[in-house]
1. Report yes if ALA340 is open to solvent by less than 30 Å² (accessible area, probe 1.4 Å) and in contact (Cβ under 8 Å) with a residue 60 or more places away in the chain, otherwise no.
2. Answer yes or no: is there a residue in the range 282-292 that is out of contact with any Lys or Arg (no Cβ under 8 Å at 6 or more places or on another chain), open to solvent by 20 Å² or more (accessible area, probe 1.4 Å) and aliphatic (A, V, I, L, M).
3. So which of GLY157, GLY169 ends up being at positive phi, at pLDDT 95 or above and surrounded by fewer than 23 Cβ atoms within 10 Å (Cβ to Cβ)?
4. Does GLN246 fit the bill of being modelled with pLDDT of 95 or more and more than 20 Å from ASP155 (Cβ to Cβ)?
5. Any residue in the range 325-337 that is touching a strand residue (DSSP E or B) at 6+ places or on another chain (Cβ under 8 Å) and either farther than 21 Å from GLN63 by Cβ or open to solvent by 20 Å² or more (accessible area, probe 1.4 Å) (or both)?
6. Which of the residues belonging to the range 85-115 are part of a helix (DSSP H, G or I) and either under 22 Å from the mean Cα position of the chain (by Cα) or small (Gly, Ala, Ser) (or both)?
7. If you check every pair at least six apart or on different chains, which have Cβ atoms under 8 Å apart with a residue in the range 52-73 that is crowded, with 22+ Cβ neighbours inside 10 Å first and a residue that is modelled with pLDDT under 90 and in a strand (DSSP E or B) second?
8. Look through the range 250-266, keep the residues that are within 17 Å of ALA208 (Cβ to Cβ) and open to solvent by 10 Å² or more (accessible area, probe 1.4 Å), and return whichever of them is nearest to the chain's Cα centre (by Cα).
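The values are calculated or read from the model by the stated rules, or taken from the named source; none is laboratory data. Treat the numbers as computed from the prediction; the structure is a model and nothing was measured. Heads up, the Cβs are rebuilt from the backbone with ideal geometry, glycines too, and the neighbour counts pull from every protein chain shown. Accessible surface areas use protein heavy atoms only, side chains included; no ligands, DNA or RNA. Shrake-Rupley method; radii C 1.70, N 1.55, O 1.52, S 1.80 Å.
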Amino acid sequence: MTFPLRLMALSAIAILPFTAPASAEGLPGAPAPFDKGGVKLALISYISAGDFFQAYQAGAEAQAKALGVDLRVFPGRQDAAEQREQILQAINLGVQGIVVDHGLPESLGDVVQQALDKGIKVVAFDVNLNNPKIPQVEQSDHKLAEIALQQALKDNGTSFEAGYVYVAGFAPLDRRNEVWDKVKAANPGIVEKARFGTVSDTTATSTADQAKAVFQANPGISVVFAPYDEFARGVKLAAADLGISQKLKIYSADISTADIQEIVEEGSPWVATAATNPAVVGAVSIRAAALQIAGETVPASIVVDPVLVTQAELRSAGVTTIEDLAKKIPAFSTSAAATASWIPAAAF
């Protein structure tokens with residue numbers, strides 16, 4: 001999960017073309033309706049700027065292209081009302097499937113039900129829509145937090161003062177928070193000195209402002225758990241501004257090329273992150289929708305397993321980009337989740 005440092009401009013939706021042209025011939029050997037082509041899907045995001053979401057969208061587009069389906073991408077602007085309207089527009093466009101990428105559950109329930117009532121298949125990524133008919137794709141947020149925090153305990157022992165960056169109400173952050181609470185309960189020597197964070201169109205800089213105040217008030221903090229990369233960027237920025245990078249270790253979740261560059265730079269306190277490849281997650285989301293449209297069984301929870309990425313490993317392997325990471329850690333670049341023999345692999 002990643003949120004933007006900047007917003008993308010929203011073009012007039014009424015004139016946006018479908019981003020992946022449908023195959024007129026269809027897929028040989030595929031079940032209906034993919035055997036004849038012309039399938040239309042919509043990807044409706046709450047947020048679409050920032051490295052993670054751009055990679056997620058690219059993976060979704062690549063999988064849609066491989067399947068020969070039309071994919072309409074509705075850019076997210078962190079506006080719940082606009083996301084609702086986009087779902088209604090997708091319904092009116094006659095799509096067969098909708099992927100909802102993040103969002104606020106309380107604002108989406110009734111409109112996704114309208115889609116379901118019209119026979120449209122719906123898949124959710126990192127937003128809990130509390131509907132048994134809607135499979136949820138996730139990055140195993142519990143495992144993301146677990147492996148990042150295991151590394152924190154390995155590096156720092158079980159007794160330290162910690163800062164924690166968290167904003168309630170976002171499904172992936174809430175799941176990661178459950179693990180943080182369990183780790184603290186199992187290790188009473190971990191003292192959470194401060195909890196802070198914000199989600200906005202300036203998440204990193206806003207978090208940095210909060211982190212400065214936290215560090216000044218709590219000089220004993222030596223570890224920060226920031227389970228979302230924009231949070232980690234903000235904490236790193238604050239530490240650099242205060243000149244305390246050498247006494248701090250930051251553990252996060254998610255990764256991008258920009259994150260890798262910040263992790264490996266000289267003197268960086270950002271020492272580890274747990275992550276999946278967002279392009280793979282995007283492809284899995286489209287595959288889940290395709291399987292539903294084809295009438296195949298899709299589990300309620302579709303999990304893409306993460307891997308631990310440490311600063312030491314990145315430096316040792318000379319990794320500087322997501323592409324390098326995918327080549328050197330094969331588990332980062334593939335997932336068997338939500339696939340079938342008739343679904344072609346996405347090229348990204």
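1. On the way: open to solvent by less than 30 Å² (accessible area, probe 1.4 Å): yes; in contact (Cβ under 8 Å) with a residue 60 or more places away in the chain: no.
When the stated conditions are applied, ALA340 does not pass them.
2. We begin by selecting, within the range 282-292, every residue out of contact with any Lys or Arg (no Cβ under 8 Å at 6 or more places or on another chain); these are 282-288, 290-291.
Imposing the further condition that a residue be open to solvent by 20 Å² or more (accessible area, probe 1.4 Å) reduces the set to 287.
Going one step further and asking which of them are aliphatic (A, V, I, L, M), we end up with none.
No, the range 282-292 contains no residue that is out of contact with any Lys or Arg (no Cβ under 8 Å at 6 or more places or on another chain), open to solvent by 20 Å² or more (accessible area, probe 1.4 Å) and aliphatic (A, V, I, L, M).
3. On the way: GLY169 fails: at pLDDT 95 or above.
Only one candidate passes the filter, namely GLY157.
4. Values: modelled with pLDDT of 95 or more: yes; more than 20 Å from ASP155 (Cβ to Cβ): no.
Criteria not met by GLN246.
5. Looking only at the range 325-337, we keep the residues that are touching a strand residue (DSSP E or B) at 6+ places or on another chain (Cβ under 8 Å), and these are 325, 329, 331-332, 337.
Pick out the ones that are also either farther than 21 Å from GLN63 by Cβ or open to solvent by 20 Å² or more (accessible area, probe 1.4 Å) (or both) and you get 329, 331.
Yes, there is a match, as at least one residue in the range 325-337 is touching a strand residue (DSSP E or B) at 6+ places or on another chain (Cβ under 8 Å) and either farther than 21 Å from GLN63 by Cβ or open to solvent by 20 Å² or more (accessible area, probe 1.4 Å) (or both).
6. To start, the set of residues in the range 85-115 that are part of a helix (DSSP H, G or I) comprises 85-92, 105-115.
Residues satisfying the conditions are GLN86, ILE87, ALA90, PRO105, GLU106, SER107, LEU108, GLY109, VAL112, ALA115.
7. Note: pairs meeting the criteria are PHE53/ILE47.
8. Restricting to residues being within 17 Å of ALA208 (Cβ to Cβ) and open to solvent by 10 Å² or more (accessible area, probe 1.4 Å), the top hit is ALA258.
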